Amino acid sequence: MGLSRYHFTPEDYFPADEIPGYEELQDEVARETKGTRARRILELGTGTGETAGRLLALHPDAHLVGIDSSAEMLTRAREVLPDAELLIRRLEDPLPEGPFDLVVSALAVHHLDSAGKADLFRRVADVLRPGGRFVLADVVVPERPEDAVIPCTPGFDLPDRVPDQLQWLREAGLRPRVTWTRRDLAVLVGER
């Protein structure tokens, strides 16, 4: 999928600067994890640990496993997540062994093409325990072209439409729903 030619470092990664609604998106991700008995959490695309830190504040007894393809990003994340298990892996690689009560991804999956997203959703369903939840917050192709406000790099940012992603989640064996949208951002939840 060619993601290796793009490389983020903690110094040049400031999603709040480029993403209108970033804080609201993070709040919605956290809200969608409330009410789960999350003892074991998998985060896809840990980055600097922003989302993971919020998750562990809500689920302080949980063990978090985070993956990211950038060693530099995980080095920064270790500063704020000293007890987490952080692994250098791409989204296309095999996922850590489950089961997980909760799988979360914020602003990472849109880097996969359509087939890659469908494949990832199947693999997420495989590592979720029965009754587990997948919370996906990401850039999407909006219904109205004028709602596409987040800068996307051709060949790297590959957002898809919400209905397509709901279908792939269903095909993976999850019960999906949309819980929040704002222009070209959406939060989807799939339960096993």
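The values are calculated or read from the model by the stated rules, or taken from the named source; none is laboratory data. What you are looking at is a predicted structure, and each value in this text was computed from that prediction instead of being measured. Ideal geometry is used to build each Cβ from the backbone, glycine not excepted, and the neighbour counts take in all protein chains shown. Ligands, DNA and RNA are excluded from the accessible area calculation, which covers all protein heavy atoms including side chains. Shrake-Rupley method; radii C 1.70, N 1.55, O 1.52, S 1.80 Å.
No other residue among Asp119, Asp83, Asp93 is among the charged types (D, E, K, R) and in a helix (DSSP H, G or I) apart from Asp119. Before we move on, is Ala125 among the aliphatic types (A, V, I, L, M), open to solvent by 10 Å² or more (accessible area, probe 1.4 Å) and assigned to a helix (DSSP H, G or I)? Criteria not met by Ala125. Selection within the stretch 172-192: residues that are touching a helix residue (DSSP H, G or I) at 6+ places or on another chain (Cβ under 7 Å), open to solvent by 50 Å² or more (accessible area, probe 1.4 Å) and among the charged types (D, E, K, R). The member of this set that is nearest to Thr36 (Cα to Cα) is Arg192.
Kindly check whether there is at least one residue in the stretch 83-92 that is among the basic types (Lys, Arg) and either under 12 Å from Val104 (Cβ atoms) or in contact (Cβ under 8 Å) with a residue 40 or more places away in the chain (or both). Yes: the stretch 83-92 contains one or more residues that are among the basic types (Lys, Arg) and either under 12 Å from Val104 (Cβ atoms) or in contact (Cβ under 8 Å) with a residue 40 or more places away in the chain (or both). If I filter the stretch 107-118 for residues that are surrounded by 15 or more Cβ atoms within 10 Å (Cβ to Cβ) and farther than 22 Å from Ile41 by Cα, do I get at least one hit? No, the stretch 107-118 contains no residue that is surrounded by 15 or more Cβ atoms within 10 Å (Cβ to Cβ) and farther than 22 Å from Ile41 by Cα.
Being on the phi < 0 side of the Ramachandran plot and either free of Cβ contacts under 8 Å to residues at least 24 places away in the same chain or of a type outside the set (A, V, I, L, M, F, W, C) (or both) holds for only one residue in Val189, Val178, Val135, and it is Val178. Within the stretch 58-66, identify whether any single residue is in a helix (DSSP H, G or I) and open to solvent by 10 Å² or more (accessible area, probe 1.4 Å), and answer yes or no. Among the residues of the stretch 58-66, at least one is in a helix (DSSP H, G or I) and open to solvent by 10 Å² or more (accessible area, probe 1.4 Å), which makes the answer yes. Within the stretch 133-171, the only residue that satisfies the criterion of being of a type outside the set (Lys, Arg), open to solvent by 40 Å² or more (accessible area, probe 1.4 Å) and part of a strand (DSSP E or B) is Val141.
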